[in-house]
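Worksheet: one structure, shown below.
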Amino acid sequence: MGYQKMVVYHEDSSYGENLANAYENAAKGMRITIVDRVSGLSNEQALKRAHAKWQALDYEGIFLGLNMPEGAEVIKNFRKIDPQTPILTGDGLDVANLLQGLAANAEGMVIATSYNPNEASPVLAEFQKRYRQKYQKEPDIWAIQGYDSLRLLAYLIEETKSVSPRVLAEKLRSMEPWDSCFGKITFNSSGEVKGRKIYQKKVVQGQFQYIN
């Protein structure tokens, strides 16, 4: 998107810190300068003071490493101070009620997510169909990941005939590509998932639009 000066604001949690670290590390290779990195702006006044500093540093956007519901409050307070500066965030804010909770404050936000309903695998398409029939709504990323996690656990137990965490972990790291809701995935020696895509979606006129 061409931004060169970014602020990173994250919550005081392993999720917030790790996401901020990942963003900051990626920025180094993309000639993006992190002009400030902060956490714990507990109220609107603290945010105003920080915002004055960011303006002096000519910041062009803010990346948020936040979860709900705290993330929604931060965004609302931020938009009172700065209605225009672009907001980028991760999957901690990728929840079904985000647009309803933020209304116009969500406009223009860009969220990184591992779920794109327009690229459904056969496994995901079947789950979506059954989920709609039961709940009369679309599944969000957390419903899909919960379903996938239980399917994977059942597969490991069936393959190993064991419920030992050590045995299941060993199988996880050595197994052939597995058909998840997000396509074929594997796991490396550290247990990290490989093969999942990351998408971006932007709030445009109150609706999500997936972008390249």
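Partners of LYS134 within straight-line reach, counting aspartates and glutamates whose Cα lies under 15 Å from its Cα and excluding those fewer than 8 residues away in the same chain: GLU126. Label-to-label distance for SER121 and GLU107 is 3.8 nm, based on points extended 7 Å past Cα in the beta-carbon direction. Straight Cα distances below 26 angstrom link LYS161 to the lysines LYS171, LYS184, LYS194, with same-chain residues fewer than 8 positions distant left out. Full extension of the segment from VAL193 to GLU158, taken as 0.36 nm per residue of separation minus the current Cα-Cα distance, would add 10.6 nm. Once you list every other residue whose beta carbon is under 15 Å from the beta carbon of ASN77, what net charge do they have if Lys and Arg are +1 and Asp and Glu are -1? Value of the local net charge: 0. Between ASP12 and ASN97, full extension at 0.36 nm per residue minus the direct alpha carbon distance yields a gain of 28.3 nm. Per-residue 3J(HN,Hα) values for the range 171-187, derived from phi via the Karplus relation 6.51 cos²θ - 1.76 cosθ + 1.60 with θ = phi - 60°, read 5, 4, 6, 10, 6, 5, x, 10, 7, 9, 5, 9, x, 6, 10, 9, 10 Hz in sequence order (x marks Gly and Pro).
Within a straight-line Cα-Cα reach of under 25 Å, LYS137 can be paired with the following lysines, leaving aside sequence neighbours fewer than 8 residues apart in one chain: LYS129, LYS197, LYS201, LYS202. The length gained by stretching the chain between GLU73 and ARG173 to full extension, at 0.36 nm per residue less their Cα-Cα distance, is 32.1 nm. The alpha-carbon atoms of the range 119-194, seen along their principal axes, cover 39, 23, 18 angstrom, with the largest extent given first. Along the range 29-37 the Karplus relation, 6.51 cos²θ - 1.76 cosθ + 1.60 evaluated at θ = phi - 60°, assigns HN-Hα couplings of x, 10, 6, 9, 9, 8, 7, 6, 10 Hz to successive residues, with x for each Gly and Pro. Between the range 64-87 and the range 120-187, the C-alpha centres lie 33 angstrom from each other.
Each reported figure results from applying straightforward, stated rules to the coordinates on display, with no laboratory input. Because the structure is predicted, anything quoted here is derived from the model rather than measured. Note that each Cβ is placed from the backbone with ideal geometry, even for glycine, and that neighbours are counted across all protein chains shown.
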